[in-house]
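Engineer: Encoded as structure tokens, here's the structure I'll be asking about.
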Amino acid sequence: MKLKDRVAVVTGGGSGIGAGICLAFGREGAPVAVADIDLSAAEKTAAEIRQQGGRAAAWRFDVSDRQAVEAAADEIEAKLGPIEIWVNNAGISLVMPFLDCSEKDWDATLRINLKGAYLGCQAAIRRMLPRKRGVILNMSSQSGKAGNSQYAPASSGLSA
């Protein structure tokens, strides 16, 4: 990867796949903005990148809050430099039978998994377009292609 000095934002970067992406970017020389709703998890990932000789900082923001996303993007650019990579990785997966899925659960899934990616794309594009440079990566679950039992909010199947 040719990521040296290319600022990367990774939402959901505090754990799982997001943390793995952050660590890989850090190893390749990208300054990494580790973004997560859980600041302590984001700080842990950022500390690991710094321990490996990389450059990273943690940010806490809710990907479904436009003002929070835009403010964080401004802060990231002020601290790390122009954002060139934005990874929309934050997401939730609620495991339950369809008939047990509440409207609150459904709304949370759409707010984080869909609206979060939409707002992340907008924040990234606003900053990348004037520079004519940047990459946006949108992560998703295989549940978007094939239904899974007990994954009602994320699945196209209706298993009860």
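Engineer: Grab the beta carbon distance between Lys44 and Tyr118, set R0 = 25 Å, and tell me the FRET efficiency rounded to 0.05. Don't jump to the answer; show the numbers that get you there.
Structural biologist: Details: r = 28 Å, r/R0 = 1.11.
Plugging the Cβ-Cβ distance into 1/(1 + (r/R0)^6) gives 0.35.
Engineer: Right, here's the next one. Can you list the aspartates and glutamates whose alpha carbon is less than 14 Å from that of Lys2, not counting same-chain residues fewer than 8 positions off?
Structural biologist: Leaving aside aspartates and glutamates fewer than 8 places away in the same chain, those within reach of Lys2 are Glu28, Glu84.
Engineer: While we're looking at this one, here's another question. Give the lysines whose C-alpha is closer than 21 Å to that of Lys44, dropping any in the same chain fewer than 8 places away, or say none.
Structural biologist: Lys44 reaches Lys79.
Engineer: Which one, Ser64, Ser93, Ser15, has the greatest fluctuation when you compute a Gaussian network model over the chain with C-alpha springs under 10 angstrom?
Structural biologist: With Cα springs under 10 Å in the chain, the top fluctuation among Ser64, Ser93, Ser15 is at Ser93.
Engineer: Another one. Return the sequence-ordered ³J(HN,Hα) values of region 64-76 in whole Hz as given by the Karplus equation 6.51 cos²θ - 1.76 cosθ + 1.60 applied to θ = phi - 60°, using x for Gly and Pro.
Structural biologist: Karplus-based 3J(HN,Hα) across region 64-76 equals 8, 10, 3, 4, 5, 5, 5, 5, 5, 4, 4, 5, 4 Hz.
Engineer: Assign one of three labels to region 1-86, namely rounded, prolate or oblate, based on the Cα gyration tensor with a ≥ b ≥ c the square roots of its eigenvalues; rounded applies when a/c is under 1.5, prolate when it is not and a/b is larger than b/c, and oblate otherwise. Spell out each step's value before the answer.
Structural biologist: Numbers: a/c = 1.81, a/b = 1.25, b/c = 1.45.
Judged from the Cα gyration tensor, region 1-86 comes out oblate (a/c at least 1.5, b/c at or above a/b).
Engineer: Something else: May I ask for the net charge around Glu77, where only other residues with Cβ less than 12 Å from the Cβ of Glu77 are counted and Lys, Arg are +1 while Asp, Glu are -1? Walk me through the numbers before you get to the answer.
Structural biologist: Working: positive: Lys79, Arg126, Arg127, Arg131; negative: Glu70, Asp74, Glu75, Glu84.
So the surrounding residues net to 0.
None of the figures in this text is laboratory data; all of them are computed from the coordinates on show. Model, not experiment: these values are computed from the prediction. For neighbour counting, all protein chains shown are included, and Cβ atoms are generated from backbone atoms with ideal geometry for every residue, glycine included.
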